[in-house]
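A.B. asks: Here it is: the structure, laid out below.
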Amino acid sequence: MSKRKKLSYIVLTVVIILIIFRLLLPGIVKRYVNNTLQDIPGYWGHVEDIDINLYRGAYVIHQLKLDKIDGESNIPFLDFEKSDISIQWKSLFNGKIVSKINLYRPKVTYIFEEQVKDSVEPTNEDWSEALTDLVPIDINKLTIEQGKVGFLQFNKSPDVDLYIDQISLTATNLRNVVDKEQELPSSVKATAISIGQGKINLDGKMDLVQQIPDIDFDFSLEKANVTALNSFTLAYAGFDFEKGNFDLFSEVVINDGYLKGYFKPILTDTKIVDAFGKEGSNIFKKAWEGFVGFFKFIFKNQKQDTLATKIPVEGDLNDVGSNIFTTIVGIFKNAFIKAYKGEVDESIEFNDLEKEKEK
């Protein structure tokens, strides 16, 4: 046999092996992913299918699900319709091999911990590290399309059901590939719709390449129908709303492990109703309704019909607390001096926390 024929056979054999490997690769990756998900303590996971795209350096996971085990039943936790994981080619020019992830219609359902009694106690590190292991290289860009996060609690009366829907998020430069000289090189922008059809906006910068990330976030939630919060207020405070709007504005900064920020909730044109039963059914129920109504009347701005305060938080990440005195002063300030403006104050700067830490 001539050398040319031998070379042709070798090339043909290699090609056949590569074709067979390419055909088997999705199944191999699928088994690996399913084994990884099913080995997480306290959870059960599964993926429906996996597509491999070699020329793009990518693979697509379809229908990734992760449930929390509660005795003999499973409680849905993660449900990702489509996860596209690929190499970020432009970062190669900056000397980095990193990946980008696009999550399409991901759903996260959080069941309050006191409701779940696990036979095996899971930890956040278990499931988050397992999902991170599914990506072979560092993640540098993350996008989310039409995401949803839900918060449920079933051992209250009524059941608590809160959620954020239609989440659109873009986070870039997570591994600090470009703009290395910036203090906060990574950026995140997000929009969403809250329960009650409120509009959510998040705009921030981060530095994640350290043990305690530095962040500088602005958050706003505007014009949510406050009656959508009734399951929460009924369960925890025993009253509900007949009408009104709810806004929330916040700034949060973390600099070298030191946190400073505030939360500014605003209730507008609200009306509280009895949550305990029919009118006059119980003297204690009527007394509670009167107390809540009196509290709302005293601590609201009468001209703009707003009930608001500003709740500051400050301290290191091991001891973040709220200044109760300042919160009370904020209530009276809104009631008798002026109503808070419906906007982010832009009153906290990232670099100012250096002085705060020294104090």
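The values are calculated or read from the model by the stated rules, or taken from the named source; none is laboratory data. What you see is a predicted model, and the numbers here were worked out from it, not measured in a lab. Positions of Cβ are backbone-derived with ideal geometry, glycine not excepted, and every protein chain shown enters the neighbour counts.
Per-residue answers, yes or no, for (1) touching a helix residue (DSSP H, G or I) at 6+ places or on another chain (Cβ under 6 Å); (2) not aliphatic (A, V, I, L, M):
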{"position": "Ala190", "(1), (2)": "no, no"}
{"position": "Gly196", "(1), (2)": "yes, yes"}
{"position": "Leu202", "(1), (2)": "no, no"}
{"position": "Gln211", "(1), (2)": "no, yes"}
{"position": "Ile215", "(1), (2)": "no, no"}
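Each row is one residue, and each column tells you yes or no for (1) β-branched (Val, Ile, Thr); (2) in contact with a Lys or Arg (Cβ under 6 Å, 6 or more places away or on another chain); (3) in the same structural domain as Thr132 (by TED's automatic domain parsing); (4) not in a strand (DSSP E or B).
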| residue | (1), (2), (3), (4) |
| --- | --- |
| Glu183 | no, no, no, yes |
| Ser187 | no, yes, no, no |
| Asp203 | no, yes, no, no |
| Val209 | yes, no, no, yes |
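A.B. asks: Ok, one more. Pairs, please: C-beta under 9 Å, at least 6 apart or cross-chain, first residue under 17 Å from Phe239 (Cα atoms) and modelled with pLDDT of 80 or more and in the range 148-161, second crowded, with 16+ Cβ neighbours inside 10 Å and of a type in the set (Phe, Trp, Tyr)?
C.D. replies: What qualifies is Val160/Phe151; Val160/Phe232; Asp161/Phe151; Asp161/Phe232.
A.B. asks: Going by the conditions given, is Val60 modelled with pLDDT of 70 or more and part of a helix (DSSP H, G or I)?
C.D. replies: So Val60 does not fit the description; no.
A.B. asks: Search the range 220-253 for residues being among the polar types (S, T, N, Q) and assigned to a helix (DSSP H, G or I), and hand back the single one that is nearest to Gly196 (Cα to Cα).
C.D. replies: Thr227
A.B. asks: For residues that are within 17 Å of Gln146 (Cα to Cα) and modelled with pLDDT under 85, tally how many sit in the range 89-110.
C.D. replies: Looking only at that region, the number is 0.
A.B. asks: Is it the case that the range 231-249 has a residue that's buried (at least 20 other Cβ atoms within 10 Å of the Cβ), under 27 Å from Lys271 (Cβ atoms), within 17 Å of the chain's Cα centre (by Cα) and at pLDDT below 95?
C.D. replies: For the range 231-249, residues buried (at least 20 other Cβ atoms within 10 Å of the Cβ), under 27 Å from Lys271 (Cβ atoms), within 17 Å of the chain's Cα centre (by Cα) and at pLDDT below 95: present.
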